[in-house]
Amino acid sequence: MENRITYFRKNHLELFLAGFFFVLINASKMAGPYILLVAIVILANFLRKEIVFKWNKFSLLFALLYVAYAVGIIWTENMDQASKYLENKAVFLLFPFLFSFRKPAGFNIQIIFWGLIGTTLTAFVLSLYVAIPCYFEHFSFPYCFLKSHLSPKMHPTYMSVFALMSMVSAFMLMKNKSINRLVFSILMVILIVYTFLLLSLAGLLSILLLGAIVFFSYLKKRFSWKILLGCITIGISLLVVLVFSTPFIREDIRETARTTERYFQSPEKFIQNLSESPSSSETRLVMWSIACEEIAKHPFGVGTGNVDIYLGKNIREKGNPTFAEKQYNPHNQFLQTQLEIGIFGLLILMSITIGGVVYSFRKRNTVLIILFSSLFLNSLFESMLQLQAGIIFYLFFFLLMEINEQSNLKNSNS
């Protein structure tokens, strides 16, 4: 009992921070109160001189992005929506100051890794608890085990990001010898299966690219270029066979090809004839094209909270008011930001995504390279920084890794 109390006293800050992952996934409405609780814990540690604040300069780009949204509110036609956006994105302004500190006594990053892994596995188990009875009732694997049916509390794309970074966390735990290869392998299998069941395009691309890079890096160190090229050829061939032999993936590809062909034959007719429940490929194709039309008209943005107004008006003019009422976002964070707050907002976002990858490579930080690469890749297919899960997670996880590096760096120098 005494050892547990000692452990909590020593690592209570990390434990509170790790608990935020569970709140973010399973109780997102409690995110605000939990941030307040964490702020109190951080303040208490500061007053006891257990942490020292040191501003993280790169994270200030997020604060600058928030300022751009705040300026964009001047042109808003929907103050309620604009205020909600600013409220949701307030962490961009708060986190760079709240989490820019180091812990001289050392920061236990393993607790953070375990917190993320445990939270992701818990979400998977809870979803299976619902999916298995569903299958015995409906006898439909796609209906009960795929996409949003396996992630009812969070969009599958966001959940796939948690799964990806959980894989990275498991690797770091193995690298630090906190777990053995067997435990690591079991965790990887579970997390990969979960990601495939979520069927997020960006999520699948992320783990496939990560797996390919790791595998071919391994081969490069041990074999000649001829063998490496042969393995690459075989790997690509097997991937193509896997894709086209999997029924639901094959049908998704065919459906996307048919949708694209019909759209370019007559865009306006395509939009007019959209069903009440369009597919994801139909939705993305329409929203991307409409967003680009509006961006061409408003290169400096339409104003914070006005995206739905301008996109909806465009779609209504093309003859489909029912689809306009659904108020879909552009399904691309770069288009979303450019349309809402203009070219300056887009430049800041590019500095965060692409600049983040460059920043991570310079620091040779594998975790951050994957984190920012994930943000860039996912932002091509979803408006990742519009919902709390994306708004909070990327900045939060980045700052935790920076806290760990700064804390351990100071300890090494001492």
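The values are calculated or read from the model by the stated rules, or taken from the named source; none is laboratory data. Keep in mind that this is a model prediction, so the values were computed, not measured. Glycine gets a Cβ as well: all are built from the backbone with ideal geometry, and neighbour counts include every protein chain shown.
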| task | Out of Phe323, Phe344, report the one residue that is surrounded by 22 or more Cβ atoms within 10 Å (Cβ to Cβ) and more than 21 Å from the chain's Cα centre (by Cα). | result | Phe323
| task | Sort out which residues of segment 50-92 are surrounded by fewer than 17 Cβ atoms within 10 Å (Cβ to Cβ) and among the basic types (Lys, Arg), and write them in order of number. | result | Lys54, Lys57, Lys84
| note | Within segment 293-317, the residues that are out of contact with any Pro (no Cβ under 9 Å at 6 or more places or on another chain) and within 15 Å of Phe270 (Cβ to Cβ) are Glu293, Asn314, Glu317
| task | Output the helices (runs of 4 or more DSSP H) that fall wholly within segment 265-320 and possess 3 or more residues being surrounded by 18 or more Cβ atoms within 10 Å (Cβ to Cβ) and without any contact (Cβ under 8 Å) to a residue 60 or more places away in the chain, or say none. | result | 280-297, 307-317
| query | Does segment 379-389 contain at least one residue that is in the same structural domain as Phe95 (by TED's automatic domain parsing) and within 20 Å of Gln406 (Cα to Cα)? | reply | no
| message | Against the definition (surrounded by fewer than 16 Cβ atoms within 10 Å (Cβ to Cβ), within 19 Å of Trp75 (Cβ to Cβ), of a type in the set (D, E, K, R) and modelled with pLDDT of 90 or more), how does Lys363 come out, yes or no? | response | no
| request: Please state which of the following conditions Arg102 fails to meet, knowing it meets all the rest: (1) charged (D, E, K, R); (2) over 30 Å from Lys57 (Cβ atoms); (3) modelled with pLDDT of 90 or more. | output: (2)
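Does Leu409 satisfy the condition of being at pLDDT below 90, farther than 21 Å from Leu94 by Cβ and assigned to a helix (DSSP H, G or I)? Write out each step before concluding.
Details: at pLDDT below 90: yes; farther than 21 Å from Leu94 by Cβ: yes; assigned to a helix (DSSP H, G or I): yes.
Judged against the criteria, Leu409 is a match.
Has segment 78-86 got at least one residue that is of a type in the set (Asp, Glu), more than 24 Å from Leu409 (Cβ to Cβ) and either within 22 Å of the chain's Cα centre (by Cα) or not in a helix (DSSP H, G or I) (or both)?
So far as segment 78-86 goes, no, none of its residues is of a type in the set (Asp, Glu), more than 24 Å from Leu409 (Cβ to Cβ) and either within 22 Å of the chain's Cα centre (by Cα) or not in a helix (DSSP H, G or I) (or both).
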| query | With respect to Glu2, is the statement that it is more than 22 Å from the chain's Cα centre (by Cα), acidic (Asp, Glu) and modelled with pLDDT under 90 true? | reply | yes
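Residues Phe107, Phe95: which one is under 19 Å from Leu368 (Cβ atoms), buried (at least 17 other Cβ atoms within 10 Å of the Cβ), not hydroxyl-bearing (Ser, Thr, Tyr) and not assigned by TED's automatic domain parsing to the domain that holds Glu405? Even if it seems obvious, please write down each step before you answer.
Numbers: Phe95 fails: not assigned by TED's automatic domain parsing to the domain that holds Glu405.
That would be Phe107, the only listed residue that is under 19 Å from Leu368 (Cβ atoms), buried (at least 17 other Cβ atoms within 10 Å of the Cβ), not hydroxyl-bearing (Ser, Thr, Tyr) and not assigned by TED's automatic domain parsing to the domain that holds Glu405.
Condition check ((1) modelled with pLDDT of 90 or more; (2) in contact with a Phe, Trp or Tyr (Cβ under 8 Å, 6 or more places away or on another chain)) across all residues:
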site	(1), (2)
Phe244	no, no
Thr259	no, no
Pro267	no, no
Ile271	no, yes
Ser281	no, no
Arg284	no, yes
Gly305	yes, yes
Asn320	no, no
Thr337	yes, no
| Any idea which of Leu339, Leu349 is without any contact (Cβ under 8 Å) to a residue 60 or more places away in the chain, crowded, with 20+ Cβ neighbours inside 10 Å and not charged (D, E, K, R)? | Leu339
